[in-house]
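Data block below; observations after.
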């Protein structure tokens, strides 16, 4: 991990989420997860506004990027822009299916977060001139061309099928466990936070897109808070009944091929670097964070 990345994730506001993926103590399974009420209170303290971000230098930077660099950057940008929009739509049935009021209140804050993340990307795209489209809906459609089929498999098939099932039967806790595993552990915990880590670090080290970096840091901090919710929920469910522990493991195995495919852009060629690191390094980072969270949940062996 670079010095800039280490400094960022060691900031007090990042550490405050108690996301096991950020904590070395998680290797030993020793993390005090926040309660749902504490997570809500943290959300209140960690507010930010997309309208406060200044993208004037970002526009100059983007205009100066070579065309091939713009094209490569678009995969990461598109994955997040569309991903945030899709998960914002899927959270409603999950929130209603949560078994306690404390869980539901926190998930309401996550819906607001995901909407703000969409607004952040939309404003960046608009003010930096990334796309030709002039409104949110058209930008989402235009940028979707940069995604690969595994992205749609993960979101439009695996996640949507679970959420649709919850919409029909909010009392199906096993399906809720599968949905939280896929949403909070895989999509947010493995993919989003890995991509954010390397994209932010790359821009920080190259001194590019400062407004985007500031906003994306805020997005990443939100995601760590969301993942902390998922870790607590899944630990409680795994401890309550082995069928829920089995559901977590089953979902991880089923989603693994699609998740790995999302890490690899459609234009990737063997040996290429992605934002300054190899694909193997990207995979290693994602898996280490997942293993830490699984140890805290109680589903992976801990270091002695």
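Every read-out reported here was derived from the displayed coordinates using simple, explicitly stated rules and does not represent laboratory data. These numbers come from a predicted model, not from an experiment. Note: ideal-geometry Cβ built from the backbone for every residue, glycine included; neighbour counts use all protein chains shown.
So here's what we get for this one:
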item: Angle between the chain longest axis and helix 36-45 axis [Cα atoms, degrees, rounded to 10]; result: 30 degrees
item: Gyration tensor verdict on the stretch 245-304 (Cα atoms; rounded if a/c is under 1.5, prolate if a/b is larger than b/c, oblate otherwise); result: oblate
item: Distance (nanometres) between label positions extended 7 Å along Cα→Cβ at residue 172 and residue 127; result: 4.2 nm
item: Gyration tensor verdict on the stretch 201-261 (Cα atoms; rounded if a/c is under 1.5, prolate if a/b is larger than b/c, oblate otherwise); result: oblate
item: Residue with peak Gaussian network fluctuation, the chain [Cα springs, cutoff 10 Å], from 252, 182, 60; result: 60
item: Burial ordering of 267, 43, 48, fewest other beta-carbon atoms within 10 Å first; result: 267, 48, 43
item: Exposure proxy ranking, count of Cβ atoms within 10 Å, fewest first, for 237, 95; result: 95, 237
item: Relative contact order (percent, whole number), the chain, Cα cutoff 8 Å, 6+ residue spacing; result: 31 percent
item: Angle between the chain longest axis and helix 193-206 axis [Cα atoms, degrees, rounded to 10]; result: 30 degrees
item: Nearest 10 degrees, 0 to 90: helix 242-262 Cα axis against the chain principal axis; result: 20 degrees
item: Alpha-carbon centroid distance for the pair the stretch 269-294 / the stretch 189-252, whole angstrom; result: 14 Å
item: For 183, 40, order by how many other beta-carbon atoms lie within 10 Å, fewest first; result: 40, 183
item: Helix-only mean residue ellipticity at 222 nm for the chain, each DSSP H run of n ≥ 4 adding -39500 (n - 2.57), per residue, nearest 500; result: -21500 deg cm²/dmol
item: Highest-fluctuation residue, 153, 84, 142 considered, GNM on the chain with Cα pairs under 10 Å; result: 142
item: Residue among 221, 45, 293 with the largest mean-square fluctuation in a Gaussian network model of the chain, springs linking Cα atoms under 10 Å; result: 45
item: For the stretch 1-143: rounded, prolate or oblate by the Cα gyration tensor [a/c cutoff 1.5]; result: oblate
item: Full-stretch length increase - residue 157, residue 115 - with 0.36 nm per residue and alpha-carbon distance subtracted; result: 13.0 nm
